[in-house]
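See below for the structure under consideration.
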Ligand SMILES: Cc1cc2nc3c(=O)[nH]c(=O)nc-3n(C[C@H](O)[C@H](O)[C@H](O)COP(=O)(O)OP(=O)(O)OC[C@H]3O[C@@H](n4cnc5c(N)ncnc54)[C@H](O)[C@@H]3O)c2cc1C
């Protein structure tokens, strides 16, 4: 028997790819909660309105993007896809909030070459600093420091800082350039300039996987220039359909079954739950690293320590629904740099990307790295809702009350790839190998925090068995 620990999207993807191998061994997915899908969670109201409580859009770019599309196609989801292309207003219009004012980030050649507040000079001029900036030899540094060094403080402060708040709910001053922008770091190390390096090093840019490129859906996405996609009925349909297919194919599931410990038994592993002890030949862990850490301690305190050293942040997600179309400036939404006094990370204009009739649905993201400092240990729902509603009122001038809302506190939902993360991941996997553990580490704790990365990590884990 092979066990997949954790039934988030990476666990389900691992079970799927294992199943594709056609092994005679039984596959068992062990999940702590009563539902599968992990952070992918679409709240469906009776009238058909959907709020995404976790991820909402999947990127198309790169092999990881193509891989998820190919998987969606194999699950028969093609007809359910909603996509937007690169000329859609939500792809082009991304704003930042500085000093209480919304500013559109440069999104075409003209705006790259002109001065756009809050930047004091055209972005093209900031880019030129890369040619004169001194190369600093290092193995890793913070994304903020790297961009500040190469392109100047304004780019770090008004582009990178809000972007990392939007994607990782994290602090760019802590997050690792080699984990989040490895190629930029590598070309600086080799060529002394990012722009020259990227031009000279084109041979090392990611090449499209020829197998994935054959997928009809990948071809369609490329032809129609899709930027991101989701599913009609919510992103959770992806995990529901995957789960159904796996069940039909004989994959077994244990829900409400937290993994409490892992022991060795000869060359096998014993998975301990509150109900039973299961001896398995192999396990793929798709658990968050901070959950695997205590579970693995009795086998290796060092592995437990390494896994436990990856920090996580908590995000409060507030979905707000208003009647009518209320936004003056259609866009993907806006992000708030950490230098601003506002208590939110950003606001997503959900119904600009995928309209849902005559209504405006916004998602306010709050907290992340700053959760405790801003909201304390145990904020009430009312206080969090107040912050979200006031933000929308102040910035978007929407002063009517939302007709419906949903507040979700997602505890420890995003792993933080801080400086040194790649080394932690490398050392963890090396230790697993040195200890000859029949265990593989997959999921969003290691090789990328997006859904595509989590699925790709599961695929690689299966292929490495
Ligand atoms: C608010 C938010 C917005 C996001 N937006 C996007 C987006 O728009 N696009 C995008 O690509 N990505 C986005 N992401 C990231 C994306 O959601 C994750 O990368 C992805 O869902 C991670 O999947 P996973 O299976 O690796 O981990 P998880 O979803 O964390 O799954 C882990 C599973 O393990 C289970 N588990 C935990 N402990 C145990 C235990 N002891 N025993 C058994 N099971 C256990 C959990 O219940 C869970 O089901 C977002 C994330 C958040 C939080």
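At 222 nm, what helix-only mean residue ellipticity would the chain give, in deg cm²/dmol to the nearest 500, using -39500 (n - 2.57) for each DSSP H run of four or more? Don't skip to the end; give the middle numbers.
Working: 20 runs with 173 residues, N = 465.
That calculation yields -10500 deg cm²/dmol at 222 nm.
Take every Cα pair under 8 Å in segment 171-272 that's 6+ residues apart, average their separations, divide by the length, and report that relative contact order as a whole percent. Present the calculation step by step, with values, prior to reporting the outcome.
Values: 35 pairs, mean separation 8.6, N = 102.
Relative contact order here is 8 percent.
Over segment 385-461, what lengths in whole Å, largest first, do the semi-axes of the equivalent ellipsoid take, defined as the square roots of 5 times the eigenvalues of the alpha-carbon gyration tensor? Can you show the working numbers first?
Details: eigenvalues 343, 35, 22 Å².
Three semi-axes, in Å: 41, 13, 11.
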Placing each pseudo-label 7 Å from Cα in the direction of the beta carbon, residue 199 and residue 92 end up separated by a distance in nanometres of 2.8
Segment 90-208: mean projected area of Cα convex hull, nm²: 8.2
Round to a whole angstrom and tell me the spacing of the C-alpha centers of segment 190-237 and segment 114-148. 25
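Pop the C-beta distance of residue 145 and residue 208 into the FRET formula with R0 = 25 Å and round what comes out to the nearest 0.05. Before the final figure, lay out the partial values.
On the way: r = 33 Å, r/R0 = 1.30.
It comes out at approximately 0.15.
Let a ≥ b ≥ c be the square roots of the eigenvalues of the Cα gyration tensor of segment 1-119; is it rounded (a/c under 1.5), or, if not, prolate (a/b larger than b/c) or oblate?
prolate
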For segment 49-125, compute the orientation-averaged projected area of the C-alpha convex hull (one quarter of its surface), in nm². 8.0
If you average the alpha carbon positions of segment 47-76 and of segment 380-399, how far apart do those two centres end up, in angstrom? 29
Computed over the Cα atoms of segment 247-333, what is the ratio Rg over Rh, Rh following Kirkwood? 1.23
I'm checking a number: the convex hull volume of the Cα atoms of segment 142-202, normalised per residue, in Å³. What is it? 74
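From Cα pairs below 8 angstrom and at least 6 apart in sequence, can you work out the relative contact order of the chain, rounded to a whole percent?
RCO, the chain: 24 percent.
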Run the numbers for residue 378 and residue 25: contour at 0.36 nm per residue of separation, minus the present Cα-Cα distance, in nm. 122.5 nm
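Cα convex hull of segment 272-425: how many Å³ per residue? Write out the running numbers ahead of the final one.
Values: hull volume 28.8 nm³, N = 154.
So the per-residue hull volume is 187 Å³.
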Would you calculate the separation in nanometres between label points at residue 431 and residue 129, each defined as 7 Å from the Cα along the Cα-to-beta-carbon direction? 3.9
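Give the Rg/Rh ratio for the chain, taking Rg as the radius of gyration of the Cα atoms and Rh as the Kirkwood radius, to two decimals.
Working: Rg = 22.5 Å, Rh = 23.4 Å.
When Rh is taken as the Kirkwood radius, the ratio is 0.96.
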Relative to the longest principal axis of the C-alpha atoms of the chain, give the angle of the C-alpha long axis of helix 9-20, reported between 0 and 90° and rounded to the nearest 10°. 50
What is the distance, in nm, between label points placed 7 Å from the Cα along the Cα-to-Cβ direction at residue 109 and at residue 460? 3.6
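Among the DSSP beta bridges whose two residues both lie in the chain, what percent are antiparallel, rounded to the nearest 5? Don't jump to the answer; show the numbers that get you there.
Details: 53 of 71 bridges.
Within the chain, antiparallel bridges account for around 75 percent of the total.
Among 447-457, 324-334, 230-240, what's the highest-first ranking by average C-beta atoms within 10 angstrom per residue? Present the calculation step by step, with values, prior to reporting the outcome.
Values: 447-457: 22.7, 324-334: 16.8, 230-240: 20.5.
So the order, starting with the most tightly packed, is 447-457, 230-240, 324-334.
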What's the Cα-based Rg to Rh of segment 307-360, Rh via Kirkwood? 1.10
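Since every read-out is calculated from the coordinates, none of them should be taken as a lab result. This is a predicted model, so every value here is computed, not measured. Cβ atoms come from the backbone with ideal geometry, glycine included; neighbour counts cover every protein chain shown.
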